[in-house]
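What follows is a short report on a single structure.
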Amino acid sequence: MSGSGDAVAPRADGLIDDMSAAEPVAATGARWEALSDRVMGGISTPAMTRETIAGRPAQRLTGRVRLENNGGFLQMALDLDPERRPVDASDWRGLRLSVIGNDESYGLHLRTTDVARPWQSYRASFAAGPEWRTLYLPFESFAPHRIEAPLAVDRLTRLGLVAIGRAFDADLAVSRIGFYR
């Protein structure tokens, strides 16, 4: 491990979750959670379920993203380590995820030990169409959002799959997510 002294390494195969554990537990032992703009006065309401979609077990986020009251997001988030220690992914190129959705654009947001405010993150966007597709999001594709520090992949703490920024009906599912080399 080449990063922070208190960081832990990902699993040897890079897997974060393959939806094989009981909901809402990930393969790492951490737990998925649904969040929304309600934490800041918004009125978007998320629903998160574990279900089989087109033959694959998946974690699914649905709901209506609403912009009223300074709102505008739904999210299913996962700490990368069940003990909330940072994860050193510096030996990996990025994140691989298998997704299906409703032909909308979504975001994958990362947090590190440098992130101090709820609105800060490192963001990459992707499209989720009506058939399962595996996406590769290299760490270089994540842009800092409201934070000056560059993405420290040796101190990752959390990821979020996010419907954000405009009013729309969200329907996003992931069947597998992990690091890739």
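For the chain, with a Gaussian network of springs between Cα atoms less than 10 Å apart, report the residue from R155, R146, R31 with the top mean-square fluctuation.
Of R155, R146, R31, the most mobile in the Gaussian network model is R146.
So what's the net charge close to R133: Lys and Arg +1, Asp and Glu -1, counting the other residues with Cβ under 14 Å from its Cβ?
Its environment carries a net charge of 0.
Figure the gain on full extension for R85 and A116 (residue separation times 0.36 nm, minus the Cα-Cα span) and round it to one decimal in nm.
That pair, R85 and A116, stretches by 9.6 nm at full extension.
Quote to one decimal, in nm, the extra length available between Y136 and R11 on full extension: 0.36 nm per residue of separation minus the C-alpha distance between them.
43.2 nm is the gain from fully extending Y136 to R11.
Provide the gained length on full extension for the span N70 to A54, in nm with one decimal, where the gain is 0.36 nm per separating residue minus the Cα-Cα distance.
Going from the current span to full extension adds 2.2 nm.
Mind putting a number on the dipole of segment 15-180 about its Cα centre? Charges go on the C-beta only, +1 for Lys and Arg and -1 for Asp and Glu, and I need it in Debye to the nearest 20.
For segment 15-180, the charge dipole is close to 180 debye.
Which label marks the calculated value of Rg and Dmax of the Cα atoms in Å, given the options (1) 26.0, 106; (2) 16.5, 46; (3) 15.4, 45?
Answer label, from the structure shown: (3).
Taken together, the values in this text are just the output of simple stated rules run on the coordinates, not laboratory data. From a predicted model like this one, the values you see are computed outputs, not experimental measurements. Counting neighbours? That spans all protein chains shown, and the Cβs are built from the backbone with ideal geometry, glycine included.
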